[in-house]
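Heads up, the thing below is written out as structure tokens.
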Amino acid sequence: MTRTAAEDQRAWNRYWTRWAAEYDEHQLSRLSLPGEREAWSRAFDAALPPGSREVLDLGTGSGNVALLLAADGYDVTGIDLSPGMLAQARAKLESHPHPPTFLEADAADPPFPHRSMDAIVSRYLLWTLRDAPTALRRWHELLRPGGALVAIDGQWFEPEDDGGAPPATPRQEHFAEAYDAQAVDQLAFARAGVERICAAWEEAGFVDVRADPLPELLELDRVHGVAPGHSPQLLHRFSARRAG
């Protein structure tokens, strides 16, 4: 039976809410290790235009990128559709010297005025983005002239993925259920390579589109280890700007 996009999105929200605490525990354990925070801060800062202040973190999840950028001095708003993830993010606000704002909202259609952001960032969002062409155009509208779009992600599904090894844990079983073949087929970037993603950004009106590999983060994965069910992955930083 064919499902609607809204039904798939609700299933994904349930997955991320159910496993939010476990997900964040791993993220925080990694950020506590030598070199992690500094490497992620450099990965984003290097692509953000000088003078950027208002930053929107799409699919903020448990908020760690938003918190990192806020600590670097940016005024950050993070949005996500998973209540469980947002609960993890908000639990960290009290101890933060320059806390971001966390809102429940859709990364594919952020509820902000045109030209209201200096930069838009995301980590591990592109692969699970539904209706990517429409979302990219919406993000382009949100940026001020000269503003930047920066997304760090990897290719988590092979182009002809056969599902791989069977799920070994309850979380992996839930992931396979939420992101089954029908769902993944609707996600334009889930199996897309670097060239295809860059082309989509250009089609949405962005200029100076580029994709930079991030070997420093790959080496940290190899040294510090990755989450169960994952393997070290060469991430790319996709970046572009709105002309002006």
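The values are calculated or read from the model by the stated rules, or taken from the named source; none is laboratory data. Note that the coordinates shown come from a computational prediction; the quantities given were computed from them, not determined experimentally. Neighbour counts run over all protein chains shown; Cβ positions are idealised from the backbone, glycine included.
Table for the structure above
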quantity: Tabulated pairs, the range 187-211, first without any contact (Cβ under 8 Å) to a residue 24 or more places away in the chain, second part of a loop (DSSP other than H, G, I, E, B) and among the β-branched types (Val, Ile, Thr), C-beta under 8 angstrom, 6+ apart or interchain; calculated: none
quantity: Matching residues, the range 181-212, being surrounded by fewer than 17 Cβ atoms within 10 Å (Cβ to Cβ), on the phi < 0 side of the Ramachandran plot and modelled with pLDDT of 95 or more; calculated: VAL194, GLU195, ARG196, ALA199, GLU202, GLU203, VAL207, ARG210, ASP212
quantity: Any hit, the range 100-113, residues being acidic (Asp, Glu), free of Cβ contacts under 8 Å to residues at least 60 places away in the same chain and in contact with a Lys or Arg (Cβ under 6 Å, 6 or more places away or on another chain); calculated: yes
quantity: Which numbered condition LEU67 fails, given (1) in contact with a helix residue (DSSP H, G or I) (Cβ under 7 Å, 6 or more places away or on another chain); (2) aliphatic (A, V, I, L, M); (3) under 23 Å from HIS224 (Cβ atoms); calculated: (1)
quantity: Options HIS140, HIS174; residue that is within 18 Å of TRP12 (Cβ to Cβ) and assigned to a helix (DSSP H, G or I); calculated: HIS174
quantity: GLY154 vs. criteria farther than 23 Å from GLN186 by Cα and out of contact with any Ser or Thr (no Cβ under 6 Å at 6 or more places or on another chain); calculated: no
quantity: Residue tally, condition within 26 Å of ARG144 (Cα to Cα) and either without any contact (Cβ under 8 Å) to a residue 60 or more places away in the chain or exposed (fewer than 15 other Cβ atoms within 10 Å of the Cβ) (or both), over the range 213-244; calculated: 2
